[in-house]
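Notes follow the structure.
What follows draws every value from the coordinates through simple rules; no lab data is involved. Remember, predicted model here, so these are calculated numbers, not experimental data. Cβ: placed from backbone, ideal geometry, glycine included. Neighbour counts: every protein chain shown.
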Amino acid sequence: MRHSTLDQQLRTLVAHFGKDRVVEALSTIASTPQSAKTEERRAGSNANRRLRSKIESGERWVLRACAQCPDSQAELRQLSVLYLQKIFLPNIREVSYFLREHGKRQIPRSRSGALRAVMETLASLPHAEIEQILNRTVERHTVGDFMLLANAIMGKFS
């Protein structure tokens, strides 16, 4: 059974890359010392492990926030995506202002480290306020900076 899978994969590779390139790649792999292969795997796995760790850490805080506030799950997820895209609270100054405004005393030093505090703060807010924050963020992003400036000059505040 295992050999038929290998045969299928090799046939796919030959069909996609051609026989010469596949044979050349196999000979290169076969001539590389085993210690170099192990080192390459280790280096790749460490980088992947760190990246996975960061992603899982962020997802963990989003899931905890969603569990605390089940009626606002969709809004919390949207805000977390906007936060990671630097649309919602795009810099540490805005993050610290948001957290202080909502009663947090300890402000993380980096924006990426503040995700936990932001999600916990959002989860503690009423559903209507979360919706309002999401709507303002989306509106602010779609309107643009010049339109916001023009509205501020004309006295039209959102």
Checklist entry - With labels modelled as points extended 7 Å from the Cα through the Cβ direction, what inter-label distance (nm, one decimal) is found for I29 paired with S4? => result 2.2 nm
Checklist entry - By per-residue mean of other Cβ atoms within 10 Å, what is the highest-first order of 117-128, 17-28? => result 117-128, 17-28
Checklist entry - In terms of modelled amide H atoms, which long-range or inter-chain residues lie less than 5 Å from the amide H of F88? => result Y83
Checklist outcome for this item: Karplus ³J(HN,Hα) for the stretch 108-119 (6.51 cos²θ - 1.76 cosθ + 1.60, θ = phi - 60°; Hz, whole; x = Gly/Pro) runs x, 7, 10, 5, 5, x, 8, 4, 4, 5, 5, 5
Checklist entry - Each residue of the stretch 90-102 in turn: what ³J(HN,Hα) in whole Hz from Karplus with 6.51, -1.76, 1.60 and θ = phi - 60°, glycine and Pro shown as x? => result x, 9, 5, 4, 5, 4, 5, 4, 4, 5, 5, 4, 9
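Which order do Y97, Y83 fall in if you start with the one that has the fewest other Cβ atoms within 10 Å?
Y97, Y83
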